[in-house]
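Nothing in this text is a laboratory measurement; each read-out follows from the coordinates by a stated rule. Since this is a predicted model, take the numbers as computed values, not measurements. Please note: Cβ atoms are built from the backbone with ideal geometry, for glycine as well, and neighbour counts cover all protein chains shown.
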Amino acid sequence: MYENMEMRQVFGNLLEELMEKDERIVVIDADLAKANGTMNLRKKFPERAFDVGVAEQNMASVAAGMAAYDFVPFICTFTPFATRRICDQVAISITYAKRNVKIVGTDPGISAELNGGTHMSMEDIGVLRSIPNMVIFEPVDAVQLAKALPQIVDYEGVVYIRMFRKSFPLVFDMDYKFDLFKADVLREGKDVTLYATGIMVKEALEAADELSKEGITAEVINVHTIKPIDKETVAASARKTGAAVSCENHNVIGGLYSAVAEVLINECPIPVKAIGVQDHFGEVAKIDYLRKKYKMTSQDIVEAAKEVIKKKR
């Protein structure tokens, strides 16, 4: 159903369906409706789809005000503008005030590609993870996004959706059962755990395939919700395998690696290596080049897995 569909197209279509059913839902863009797949909503819902222009702080403040009147606002823009640019408004006007706002940041990490370093947000999870009352969700594919959106609308609180914009190979089928607060064990293993999120889930699955050729079984866990992280699943897998690698399209400081390590240091201390951006700014380039530059390929995960297994022994 969603094969070869761009994530932004799926997002726009699903939001349209949800808005037809729930008159509380509104969409607020900051001059990027076409880029993010929400332009058609202005035609369908002219009184519930708004463009505030290139004024992201105002977008967040308008959303907070509308939430105070029981609307459910979705604010949509590129990832750096949905996080670091509006951090104070998110912290005070939205989360401190306990407003029911959904924040959508698109083109996370290296997926910003040719927009370059200014638009390549490597720190967005770290920025928002430190703010109380915040849920951070990163879908791996269009199916998971489709399953998640109704639950996100029903959830009373702030949710940040870190969304890849373009088409991406499907990991899940339509029979997939989604739980916003439960990580997915995609593959069971006994030698090492690969915790992955977003576009790095596919790399982790490919790494598991390569490791299996050498007799190493890797458990692959899709941590789609980084905050609050599913401590039970994270710790249970670590106890079973005794070694782990985190895989994320984000700075290794403040993101998935930090969240996993915080769980393991308290629950099950084991060797862990981080695959992701090693405290670096982005640059202008295509995603395949950047994946290699920042050592975020499946082969990099394979090598990291072997290293932590050696430390375990």
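Please order 201, 72 by the number of other Cβ within 10 Å, starting at the fewest.
Values: 201 29, 72 23.
Lowest count first: 72, 201.
Remark: spin-label model distance residue 24-residue 295 equals 4.7 nm, labels positioned 7 Å along the Cα→Cβ axis.
Using 0.36 nm per residue and subtracting the Cα-Cα separation, the extra length available between residue 88 and residue 43 on full extension is 13.0 nm. So what is log10(I(q)/I(0)) for the range 184-312 at q = 0.22 1/Å, when the Debye sum runs over its Cα atoms only? With one equal scatterer per Cα and no solvent, log10 I(q)/I(0) is -1.31.
Based on DSSP, what percent of beta bridges with both residues in the chain are antiparallel, to the nearest 5? Numbers along the way, then the final one.
Numbers: 6 of 42 bridges.
So the antiparallel bridges in the chain amount to around 15 percent.
For residue 118 and residue 6, calculate 0.36 nm times their separation in residues minus their Cα-Cα distance, and state this gained length in nm to one decimal. Intermediate values should be presented prior to the final figure.
Working: separation 112, 0.36 × 112 = 40.32 nm, distance 2.34 nm.
38.0 nm is the gain from fully extending residue 118 to residue 6.
Computing Kirkwood radius over Cα pairs in Å for the structure here picks out one of (i) 20.4; (ii) 19.5; (iii) 22.6, namely (ii).
Modelled spin-label separation between residue 231 and residue 262, with each label point placed 7 Å from Cα along the Cα-to-Cβ direction: 1.1 nm.
Please give the charge dipole size of the chain, origin at the Cα centre, charges +1 on K and R Cβ atoms and -1 on D and E Cβ atoms. Round to the nearest 20 debye. If you can, show how the numbers build up before the last one.
Details: 39 positive and 45 negative charges, 111 e Å.
Using Cβ point charges on Lys, Arg, Asp and Glu, the chain gives about 540 debye.
Expressed in nm to one decimal, what extension gain is obtained for the pair residue 307 and residue 55 from 0.36 nm per residue of sequence separation less their Cα-Cα distance? Walk me through the numbers on the way to the answer.
Numbers: separation 252, 0.36 × 252 = 90.72 nm, distance 4.64 nm.
This chain segment gains 86.1 nm when fully extended.
Give the calculated FRET efficiency between residue 130 and residue 68 to the nearest 0.05, with a Förster radius of 22 Å applied to their Cβ-Cβ distance.
Numbers: r = 24 Å, r/R0 = 1.10.
The calculated FRET efficiency here is 0.35.
Annotation: the residues 291, 24, sorted from fewest to most other C-beta atoms within 10 Å of their own C-beta, follow the order 24, 291. Considering only Cα-Cα distances, which of the following residue pairs are longer than 31 Å: 182/295; 147/286; 102/213? Among 182/295; 147/286; 102/213, the Cα-Cα distance tops 31 Å for 102/213. The Cα-based radius of gyration and maximum Cα-Cα distance (Dmax) for the range 1-115 are 13.7, 40 Å.
Please identify the trypsin sites (Lys or Arg not before Pro) of the range 108-182 that satisfy two criteria: DSSP loop assignment and at most 11 other Cβ atoms within 10 Å. Which are they?
On the way: sites: 129, 147, 162, 165, 166, 177, 182; in loops: 165, 166, 177, 182.
Sparse-neighbourhood loop trypsin sites (Lys or Arg not before Pro): 177.
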